[in-house]
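Here is the structure we will look at.
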Amino acid sequence: MSFLSLVVKNPFRNKTRSSLAIVGIAIGIMVIVALGMITGGLENSTQSTLKAGAAEITVSQAGSTGIESIGSINQTYATDILSLSGVKSTAGILRASNTTTATTSPNSTQGGFGGGLSITGIDSDKLSLMGVDSVNGTTFTNDSTNQVIIGKTEAQSLNKTVGDTINLYGQNFTITGTFETGNFMTDNGIMMPLSTLQDLTTNQNKVSDVLVKVTDNANVTTVSNTITNAYPNQLTTSTAADSANRINQGLGFISTASWAISLLAIFIGAVGVINTMVMTVYERTREIGVLKAVGWKNSRILGMILGESIVLTLIAFVVGTVIAVVGVEVLLTLVPSVGNAITPSFSIYIFLRAFGIALLVGVIGGLYPAYRASRLSPTEALRYE
Amino acid sequence: MNNNQNIIEIKDLKKGYDNGKIKALNGMNLEVKKGEFISIMGPSGSGKSSLLNMIGGLDIADEGTIKVAGIDMMTTKNLNKFRSKEIGFVFQMHNLIPNLSVVENVEIPMYETNTSSKDMRKRALDLLKSVNLGDKIDQKPTKLSGGERQRVAIARALVNNPSIILADEPTGSLDSKTGEVILDLLKDLHKKENVTLVMVTHEPYVGNMAERIITVLDGKCLTDNKTTNSK
Ligand SMILES: Nc1ncnc2c1ncn2[C@@H]1O[C@H](COP(=O)(O)OP(=O)(O)O)[C@@H](O)[C@H]1O
Ligand SMILES: [Mg+2]
């Protein structure tokens, strides 16, 4: 039997105690991996909000907070803003929401946030400003009153595809196409002609926002300031970079928190391992005396105990990682509103970090007991009852 | 030191414990020839185990001289190498590792000897056959009788071909019949392999199997007599 097999075999001598130590560390590893997968997923989706081709600036009513769901500004702003310097194109959009009705099967899950479908009215030639570069199928025609296109994740959660019918505001619409932008908010919604949505929601000639795309060499911040200066107290702007920064700040916080949790897990895990290994060394005092008597070097005894500690934490790494991956997948499947929003990250970095932490806990937790074992006086160890 | 055939040479050896309050060895003198079989007798606490520990390099004496297999035990560092090469210990308690099989237990001392796993296994199996445990190699020690366990311990002590076997009351925890089997085994080994055998015991009939009997009292050698077994 090789020395390595001995080291791997020994932790299974006291199965209960080793299992408890493994569970303790595995919980820490699980939290680290699960948080890593989710924050990694969120980071990826933030990245995709900064998609090339889409509008850089969103113009809305001054004093409004965030996304307006009703027509709050005049559609004419879209043409007015177009005349400002640095503006390449503009699109007035109307955002509305509507709960699914009779045509969707009653037990089908509802898409969108807050249980409603998010519907955007936009002219079909302006779709690229929303980040929709291509439509799978055909897009709606601007003067149609019964055509919509639907985002990929919304299509999945409603179980709809091109050619199907969907009931909105009591009217049947044909899905002419599906799209995918990579932005989870956009992909979780429906788009129809602007005028049709204005009519349905009695918001004639009104829009929620004006999307602005700047000319190729213009500075986004400069154009943004030009717009607010041109319409003081009337319009306010937000840039895609702004909102990405806000999200990144939030993610930064989550990331700091997950490092703090990792540190705590290392600490608790290490204390558990030290305790387990000190007990092991204590119980095996005589045996360690025998190993010294048969000629084992102190460094081999140190290596054995340290190795056993690392075996414990590496088992915990495997257990914790498997639980985290399965757990995150199950959670995202059971709660589709979250599942649609987040695609968990499987970045190798997350697993390497967890592996590194497990290894570190094994070394930190095993070092002191291993050192003590290696320093035991052989005669005293052999006299030990 | 006057006889280069001596494998053990001890002069005026002293060892105290508890800051010198206990004098485990108090001027011990002993010479053992290569290939000799001696038994050390004496009451409990007289220093027999301490003497064996000094010979085996498990502990270092405070004063005096002790040379074993040509090595000065008072000055040599890293005695683990010496123990691995020259010494085979057999204790009163078998001290086998409970989660390892019999054959794996016998392999334990070979980790320090650069032996391949395959050769380790072969050597351990050969020895287990020679102590009549060829059919128990994969058993856990807990499944064995006391005598069988002690036979495993003897195989373990022999696995690195030591020049000296140090046996500290090897039959102390066995009934007399099983004890005899163990003693016969040790005696056989001594005869066949010409290994030096130093055995501590407090049972006179066990001591009488040796070629020479040393009696120890208060950390000193009291008597030193050849027996009828002497060559
Ligand atoms: N490691 C030790 N620490 C303290 N006292 C010891 C130690 N080893 C032996 N002694 C003491 O030294 C004396 C001799 O012990 P020992 O050599 O074991 O005697 P024996 O084997 O003849 O019974 C005893 O009084 C014992 O308690
Ligand atoms: Mg003793």
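The values are calculated or read from the model by the stated rules, or taken from the named source; none is laboratory data. Only a predicted model underlies this, so the values are computations on that prediction, with no experimental measurement involved. Here the Cβ positions follow ideal geometry from the backbone for every residue, glycine too, while neighbour counts run over all protein chains shown. Keep in mind that these areas ignore ligands, DNA and RNA; they rest on the heavy atoms of the full protein, side chains included. Shrake-Rupley method; radii C 1.70, N 1.55, O 1.52, S 1.80 Å.
Summary of values
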{"read-out": "DSSP-loop trypsin sites (Lys or Arg not before Pro) across segment B:1-85, with at most 14 other Cβ within 10 angstrom", "value": "B:Lys21, B:Lys77"}
{"read-out": "Inter-part distance where segment B:134-163 and segment A:283-341 are each reduced to a Cα centre, Å", "value": "32 Å"}
{"read-out": "Per residue, in Å², the accessible surface of segment B:35-102 once ligands and nucleic acids are set aside, probe 1.4 Å", "value": "36 Å²"}
{"read-out": "DSSP beta bridge pairing in segment A:63-232, given as percent antiparallel to the nearest 5", "value": "70 percent"}
{"read-out": "Descending semi-axes in Å of segment A:63-232, equivalent ellipsoid built from Cα gyration tensor", "value": "29, 16, 14"}
{"read-out": "Reference-scaled alpha-carbon Rg (2.2 N^0.38 Å with N residues) for chain A", "value": "1.43"}
{"read-out": "Gyration tensor verdict on segment B:167-229 (Cα atoms; rounded if a/c is under 1.5, prolate if a/b is larger than b/c, oblate otherwise)", "value": "oblate"}
{"read-out": "Euclidean distance of C-alpha centroids, segment B:99-117 and segment B:194-208, integer Å", "value": "27 Å"}
{"read-out": "Cα long-axis angle, helix A:15-49 against chain A (0 to 90 degrees, to the nearest 10)", "value": "20 degrees"}
{"read-out": "Neighbouring partner chain Cβ atoms per residue of A:285-293, average, 10 Å criterion", "value": "6"}
{"read-out": "Pairs from A:Lys297/B:Lys34; B:Lys15/B:Lys67; B:Lys14/B:Lys48; B:Lys34/B:Lys85; B:Lys143/B:Lys192; B:Lys11/B:Lys187 whose Cα-Cα separation, in the structure shown, is over 19 Å", "value": "A:Lys297/B:Lys34; B:Lys143/B:Lys192; B:Lys11/B:Lys187"}
{"read-out": "Sequence-distant residues sharing a close amide H with B:Val200 (under 5 Å, placed H)", "value": "B:Ile40, B:Ala167, B:Asp168, B:Glu169"}
{"read-out": "Summed buried accessible surface, chains A and B, 1.4 Å probe, nearest 100 Å²", "value": "2100 Å²"}
{"read-out": "Cα gyration tensor shape for segment B:85-168, rounded if a/c is under 1.5, else prolate or oblate", "value": "oblate"}
{"read-out": "Acute angle (nearest 10 degrees) that the helix A:220-230 long axis makes with the longest principal axis of chain A, alpha-carbon atoms", "value": "40 degrees"}
{"read-out": "Shielding by other protein chains, B:109-115, mean Cβ within 10 Å", "value": "4"}
{"read-out": "Alpha-carbon centroid distance for the pair segment A:264-281 / segment A:131-181, whole angstrom", "value": "57 Å"}
{"read-out": "Drop in accessible area of at least 30 Å² in the complex versus isolated chain, residues of segment A:335-384, 1.4 Å probe", "value": "A:Pro378, A:Thr379, A:Leu382"}
{"read-out": "Helical mean residue ellipticity (222 nm; -39500 (n - 2.57) per DSSP H run of 4+; nearest 500) of the protein assembly as shown", "value": "-14500 deg cm²/dmol"}
{"read-out": "Average beta carbon contacts from partner chains per residue of A:294-303, 10 Å cutoff", "value": "6"}
{"read-out": "Gyration tensor (alpha-carbon) shape descriptor, chain B, a/c threshold 1.5", "value": "prolate"}
{"read-out": "Selected from B:Leu158, B:Leu51, B:Leu185 as most flexible by GNM, with chain B as the system and alpha-carbon contacts under 10 Å", "value": "B:Leu185"}
{"read-out": "In degrees, nearest ten, helix A:240-283 long axis to first principal axis of chain A (Cα)", "value": "20 degrees"}
{"read-out": "Separation of the A:Thr222 and A:Ser19 label points, Cα + 7 Å toward Cβ, nm", "value": "6.9 nm"}
{"read-out": "Within the accessible area of the protein assembly as shown (1.4 Å probe), percent carbon and sulfur", "value": "55 percent"}
{"read-out": "Dipole magnitude of segment A:63-232, debye to nearest 20 (Cβ charges: Lys/Arg +1, Asp/Glu -1, about Cα centre)", "value": "160 debye"}
{"read-out": "Cut-off under 5 Å, modelled amide H: who pairs with A:Leu168 long-range", "value": "A:Phe173"}
{"read-out": "FRET E, pair A:Leu359, B:Met74, Förster distance 51 Å, beta-carbon r, rounded to 0.05", "value": "0.75"}
{"read-out": "Segment A:263-332, accessible area per residue, ligands and nucleic acids excluded (1.4 Å, Å²)", "value": "38 Å²"}
{"read-out": "Proximal lysines to A:Lys206, defined as alpha-carbon separation beneath 21 angstrom and excluding residues fewer than eight positions away on the same chain", "value": "A:Lys126"}
